[in-house]
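Structure first, commentary second.
The values are calculated or read from the model by the stated rules, or taken from the named source; none is laboratory data. As the structure is a computational prediction, the values presented were derived from the model and not from experiment. Backbone-built Cβ (ideal geometry, glycine too); neighbour counts: all protein chains shown.
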Amino acid sequence: MAVPKRKTSRMKRGQRRSADALIRPAYVEDKDSGELRRPHHIDLKTGM
C-alpha cells in the first residue's frame, strides 16, 4: 500500500486546498438596461 514518505507541511496542504474555495461570481450593472451581468460577457437581449 502506498504511503507518503514525509509529512505534508501546513503550507503545502494550504496551497493544495487553496483551489477548493468557493468564490462568488462578480457582477456589474449594465449601463443601458441597469441589469446585472457578468463582466466581459455579452448581454443576450441587447448583444452588447
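Structure notes:
- The lone exception for GLY47 - which of (1) at negative phi; (2) at pLDDT below 90 it fails: (1)
- Annotation note: Cβ proximity below 7 Å between a residue of region 9-34 that is touching a residue at least 12 places away in the same chain (Cβ under 8 Å) and a residue that is of a type in the set (Ser, Thr, Tyr) and part of a loop (DSSP other than H, G, I, E, B) (sequence gap 6+ or interchain) occurs for ASP32/THR46; SER33/THR46.
- Members of region 9-48 that are exposed (fewer than 10 other Cβ atoms within 10 Å of the Cβ) and of a type in the set (S, T, N, Q): SER9, SER18
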